[in-house]
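Single-structure report; data block below.
The values are calculated or read from the model by the stated rules, or taken from the named source; none is laboratory data. The model shown is predicted, which means the values in this text are computed figures rather than measured ones. Methodologically, a virtual Cβ is constructed for each residue, glycine included, from the backbone with ideal geometry; neighbour enumeration extends over all protein chains shown. The protein model used for the area step is the full one, side chains on, heavy atoms only, and it has no ligands, DNA or RNA in it. Shrake-Rupley method; radii C 1.70, N 1.55, O 1.52, S 1.80 Å.
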Amino acid sequence: MSTETEYAPSPTPFVRDMVEQIEQAGTTAVIEHGKGVILLTTRGAKTGKIRKTPLMRVEHDGRYAVVASLGGAPKHPVWYFNVKAEPKVQLMDGDVTRDFVARELEGAERELWWDRAVEAWPDYANYQTKTDRLIPVFVLEPV
Ligand SMILES: C[C@H](OP(=O)(O)OC[C@@H](O)[C@@H](O)[C@@H](O)Cn1c2nc(=O)[nH]c(=O)c-2cc2ccc(O)cc21)C(=O)N[C@@H](CCC(=O)N[C@@H](CCC(=O)O)C(=O)O)C(=O)O
C-alpha cells in the first residue's frame, strides 16, 4: 500500500464541504433528510491519495454496508474502484473513526444487506430502477 498520506478533496463542492463539516463536528452534524451518514475513507486506486466520501449510514450489529449507488447513474462511483483495489478502509460514524475491511457482496448475502440499505435509505430502491447496472453493495467488517 502506497505511503501517500495526502488527502485529495472531492472535486464536488457540496461533498467537499460536507466532509469538512463531518470532520469538524462528527457525522451527526450532517443529517441527510433526517437519515444518518457515515464518512468512508479510501485510498485512491491510481493516485494512492486519501479520499473521503460521505455515504448513507447502513449499520447492523457493528458491521456496515456501503452502497455504490451514485443516485442510479449508469456508472459506478469512482470510490467503488478504490475499495476494490484496497479493501482496507476507514469509516467514521458519529465522531469515531475505525478500521474495516470491505467485501463486495453477491447473492443472498447481498440481498440481505440491500434490504437493510433500502430500509435505511428508501431512495436506494428508486436508484436501482434508473440503471441496468447492479448497484454494488460492500459489507464492512471491523478489523
Ligand atoms: C466525483 C468523484 O466522486 P466519486 O468517488 O465518484 O463519488 C461520487 C459520490 O458517490 C460521492 O460524492 C458520494 O459522497 C455521494 N453520496 C453517496 N454516494 C453513493 O454512491 N452512495 C451513497 O449512499 C451516498 C450518500 C451520500 C450522502 C451525502 C452526500 O453528501 C453524498 C452522498 C471523485 O471524487 N472523483 C475524483 C477522483 C476520485 C478518486 O478516488 N480517484 C482515484 C482513481 C480511481 C480510479 O479511477 O480507479 C485515485 O485517487 O486514484 C476526481 O475526479 O478527481
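Structure notes:
- Filtered residue count, region 87-99, keeping only those that are open to solvent by less than 30 Å² (accessible area, probe 1.4 Å) and over 12 Å from the mean Cα position of the chain (by Cα): 1
- Subset of region 65-78 [at negative phi, out of contact with any strand residue (DSSP E or B) (no Cβ under 7 Å at 6 or more places or on another chain) and open to solvent by less than 20 Å² (accessible area, probe 1.4 Å)]: Ala68, Ser69, Pro77
- Where a residue in region 7-34 is touching a residue at least 60 places away in the same chain (Cβ under 8 Å) and its partner, wherever it lies, is open to solvent by 60 Å² or more (accessible area, probe 1.4 Å) and in a loop (DSSP other than H, G, I, E, B), with Cβ under 6 Å and at least six apart: Gly26/Asp95
- Scan of region 48-91 for residues that are among the small types (Gly, Ala, Ser) and under 19 Å from Ala117 (Cβ atoms), ordered by number: Gly62, Ala65, Ala68, Ser69, Gly71, Gly72, Ala73
- Extreme residue, most open to solvent (accessible area, probe 1.4 Å), among residues of region 29-64 that are at pLDDT below 95 and within 15 Å of Ala120 (Cβ to Cβ): His33
- Sole exception among (1) in contact with a helix residue (DSSP H, G or I) (Cβ under 9 Å, 6 or more places away or on another chain); (2) more than 9 Å from the ligand (Cβ to nearest atom); (3) free of Cβ contacts under 8 Å to residues at least 60 places away in the same chain for Gly72, by number: (3)
- When region 1-43 is filtered for residues that are part of a loop (DSSP other than H, G, I, E, B), away from the ligand (no atom under 11 Å from the Cβ) and of a type in the set (Gly, Ala, Ser), the ones remaining, listed by number, are Gly26, Gly34.
- Sole residue being under 20 Å from Pro142 (Cβ atoms), among the basic types (Lys, Arg) and in contact with an Asp or Glu (Cβ under 6 Å, 6 or more places away or on another chain), chosen from Arg57, Arg43: Arg43
- Matching residues, region 44-65, being within 7 Å of the ligand (Cβ to nearest atom), in a strand (DSSP E or B) and of a type outside the set (Val, Ile, Thr): Arg51, Pro54, Leu55, Met56
- Residue within region 110-125 that is part of a loop (DSSP other than H, G, I, E, B) and either of a type in the set (S, T, N, Q) or more than 15 Å from the ligand (Cβ to nearest atom) (or both) present: no
For every residue, the table says whether it meets (1) farther than 13 Å from Ile38 by Cβ; (2) charged (D, E, K, R).
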site	(1), (2)
Ala73	yes, no
Val78	yes, no
Val83	yes, no
Met92	no, no
Asp115	yes, yes
Glu119	yes, yes
Gln128	yes, no
Leu134	yes, no
Val143	yes, no
